[in-house]
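Since the structure comes first, as C-alpha cells, the remarks are kept for the end.
Derivation of every value follows stated rules applied to the coordinates shown; laboratory data play no part. Note that the structure is a prediction, hence the values are computed from the model and not measured. So basically every Cβ, Gly included, is an ideal-geometry build from the backbone, and we count neighbours across all protein chains shown.
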Amino acid sequence: MREFGYQRVFDVSGAVALLDADPDARFLGGGTNLVDLMKTGVERPARLVDVRELPLDTVELMSDGSLRIGATVTNSDLAAHPEVRRRYPALTQAVLAGASGQLRNMATVGGNLLQRTRCGYFADVTKPCNKRVPGSGCPAIEGEHHNHAILGASDRCVATHPSDMGVALTAFDAVVSYETAEGPGEVPLSWLYLPVGDTPHRETDLPPGALITHVTLPPAPVAANSRYRKVRERASYAFAIGSTAAALDVQDGVVRDVRLAFGAVASRPWRARAAERVLIGAPADAETFAAAADAELAAARPLPHNGYKVTLMRNLVVAELTRLAEEATR
Amino acid sequence: MAPATPSTHSAISLNINGEKHALSVDHRTTLLDALRERLDMTGTKKGCDQGQCGACTVLLDGRRAVSCLQLAVAAEGREITTIEGMATGDQLHPVQKAFLDLDGYQCGYCTPGQICSAIAVIEEHAAGWPSAVTDDVRPEAGPPPLSADEIRERMSGNLCRCGAYVSIVEAVARAAAAETRTVTSADLPQTEEAAA
C-alpha cells in the first residue's frame, strides 16, 4: 500500500478545501470499500480526508414531507430509522440486504453511492481493465462475466454497480446534494452515474473534489407499499445477481402509481421507466406486469454467460408486482 | 502549487477496553494489526483481512465492526471493545458462557469474532432493528422474534470454516433469551420505581 497522509475534518468547507488542494486526496467515510481497494493497490491516494465526524449524520423529515439523509449516516442507522421504515420500506430492505451487520455499521450513505464495482478484473491490478486503466481492455467480455451487465453496457466495460441502497433510492427519485470549493450543487441520482460508452473510468457527474453532503427523497405516498427483493448465489451476505425495488398503488384493479428499479444489471442502479410507462393506468395483473418487464428488457444485450439475467429479471418483476398488488388491495 | 507532502505517521491514543494506549502508527496500519502486532492483544483474529469473514470483529462505540478495514488512526477517540474486554474479572459474559456450554465452536479461531458479533446482535435486536429476513419492517409491525432464521441472517457476517453454525445459533438464542428474562424479571433494580 502506498503511504498516505491522514486528516480528520469537522466542517464541510474544510473537507472540500483539502480535496481542492490535492487531487491525489480521497474522502474516507466508513472505509469498507476504499481501505480494501487500497490494500489491493486499485486505489493509491496520497492523502485521506476522514469525513466521518462531519455534522452530516442525521435523517430529517422536512416540512414538505421529504426525507433528508446526511451523507455520513451509516447504513445501519438509515435502515433502522422509523421514517424510512414507514415511508420507504423498500429502502430499509435494500440496505439490510447488503453486506453484513459489521459493514453496515461502518459504511455511510455517501460512500455507498460512490463504491466501486466488484468486477474481478477491476479488483485485480495484474489484469487489464478499461475502468481502472483507460484503454487497457476489458477481459470480462471474453472471460468471466456471468454476473455482469445486461443493460447500458458497452464494448469497453460490462461491470455492474454493486449497491442495493442505490436501487431503492433511484426508484424513489432521490436527489444528491454535494459541496465543492466553488459552491454547492445537486443532481438527481438517476443522472449521477454517467453512461458507460467509451469512458468507463468516468463514473459520475460530480465535479472533481465534490463531497456528497445529503441525499433527499421527495415525498412518495406510493413508496409506503414497496419491497426490495434481492437474488444472490447464497442466502445472505453476497452481492446481487439481480434485484428489484418496486412500489405499487392499485385502485379498482388499475395501476395508479408505480416505481421500479433494477440492481446488478447495469453500471448504475437502473430505473425501469419503460416498464413504468406500460404499467401506469393498466390493469394490475400478471399479463401487464410481464409486458412491462419485456418493455424494459427489450434493450437488454446479454453476453454468452449472463443471458439468464433477462429471464431472472422478468420473473422478479412479475413476482414482486403481483405480491405488491395483493398487498395494496388487502 | 503542489500540496505539501503530508506526514504518513501519527502519534495516537486508542481507548481499548477502557484503557488508553499511546502509540505511533504508520497511517496504513489497520486497527486489527495495531491490536495484534503493536499491543499484543491477539484475541482479535485475522482471517481474510478483506472484511469478508468477520474473525476480526470488535465493537466501536458499542457497535460491531470489522477491525481489518478500520484504520487505526481513524479509530482514535472511539471506544474500542475487544474480546479481551467482554468478561468482568473471572465472570464470563453470558454470550461467552453460552458458546462454552453449547460448544459454539470447533477450532475456535472464528470464536472471538463470533462472540463480539453475537453480543452486538442481541443489542441490535433489543433496540428493535429489523433484518433482511424480517417480513414487515415498518415500525408499527414491532420487532420480530429472534428466531433461528433471524439469528442466521444477523450472524451471516461471521464465517466458521469448521461449520459449527448449529451450535452457534443455539448459543446466541440461549444468551438472548437469558438477557430478555433478566430484563423482564422482577429482580431488576427497583430504584426508579422506588424514587417515583
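Observations on the model:
- Build a GNM of chain A with springs between Cα atoms under 10 Å apart, and of A:T126, A:T32, A:T108 the one that fluctuates most is A:T126.
- Inter-chain shielding of A:2-10 (mean C-beta neighbours from other protein chains, 10 Å cut-off): 5
- Whole-number percent relative contact order across chain A, with pairs defined as alpha carbons under 8 Å at least 6 apart: 17 percent
- Using θ = phi - 60° and Karplus 6.51 cos²θ - 1.76 cosθ + 1.60, couplings along segment A:180-194 (whole Hz; Gly, Pro as x): 10, 4, 8, x, x, x, 8, 8, x, 4, 4, 9, 4, 8, 6
- Cα-based Rg of segment A:1-80 normalised by 2.2 N^0.38 Å, two decimals: 1.26
- Convex hull of alpha carbon positions in segment B:9-85: directionally averaged projected area 4.3 nm².
- Order of B:Y165, A:Y193 under a 10 Å beta carbon neighbour criterion, fewest first: B:Y165, A:Y193
- Candidates B:T180, B:T82, B:T29: whichever shows maximal mean-square fluctuation once chain B is modelled as a Gaussian network with Cα springs under 10 Å: B:T180
- As a rough footprinting exposure proxy, the listed residues A:S236, A:S100, B:S67 were ranked by other beta carbons within 10 Å of their own, and the order from fewest upward is A:S236, A:S100, B:S67.
- All alpha carbon pair distances within segment B:94-184 were sorted into 10 Å bins beginning at 0; the resulting P(r) in whole percents reads 18, 51, 26, 5, 0.
- Amide H contacts of A:G242 (H built 1.01 Å from N, under 5 Å, at least 5 apart or other chain): A:V231
- Under a Gaussian network description of chain A, with springs only between Cα atoms under 10 Å, the residue in A:D124, A:D294, A:D252 that fluctuates furthest is A:D252.
- Taking θ as phi - 60° and the Karplus parameters 6.51, -1.76 and 1.60, the scalar couplings of segment A:92-108 work out to 4, 4, 5, 5, 5, 7, x, 6, 10, x, 4, 5, 5, 5, 8, 5, 10 Hz in sequence order, x denoting glycine and proline.
- Of the trypsin sites (Lys or Arg not before Pro) found in segment A:165-246, those in coil by DSSP whose Cβ has at most 11 other Cβ atoms within 10 Å are A:R234.
- The mean number of Cβ atoms from other chains found within 10 Å of a Cβ in peptide A:47-56 is 2, as a whole number.
- Antiparallel %, DSSP beta bridges [both residues in the protein assembly as shown], to 5: 85 percent
- Among the listed pairs A:K39/A:K127; A:K127/B:K45; A:K131/A:K230; A:K39/B:K46, those whose Cα-Cα separation exceeds 21 Å are A:K127/B:K45; A:K131/A:K230.
- Based on the reciprocal of the average 1/r between different C-alpha atoms, the Kirkwood radius for segment A:222-329 equals 13.9 Å.
- Rounded to the nearest 20 debye, dipole of chain A from Cβ charges on Lys, Arg, Asp, Glu: 820 debye
- Rule-of-thumb Rg ratio for chain A [Cα; 2.2 N^0.38 Å; N residues]: 0.98
- Shape category assigned to segment B:58-124 from the gyration tensor of Cα positions, a/c cut at 1.5: prolate
- Dipole of the protein assembly as shown, positive end: most advanced residue of A:V158, A:L103, B:C160 [Cβ charges, Cα centre]: A:V158
- Each Lys and Arg contributes +1 and each Asp and Glu -1, all at the Cβ; summed about the Cα centre of segment A:222-329, the dipole is approximately 640 debye.
- Loop sites in segment A:23-71: GluC sites (Glu not before Pro), DSSP, at most 14 other Cβ within 10 Å: A:E53
- Antiparallel %, DSSP beta bridges [both residues in chain B], to 5: 90 percent
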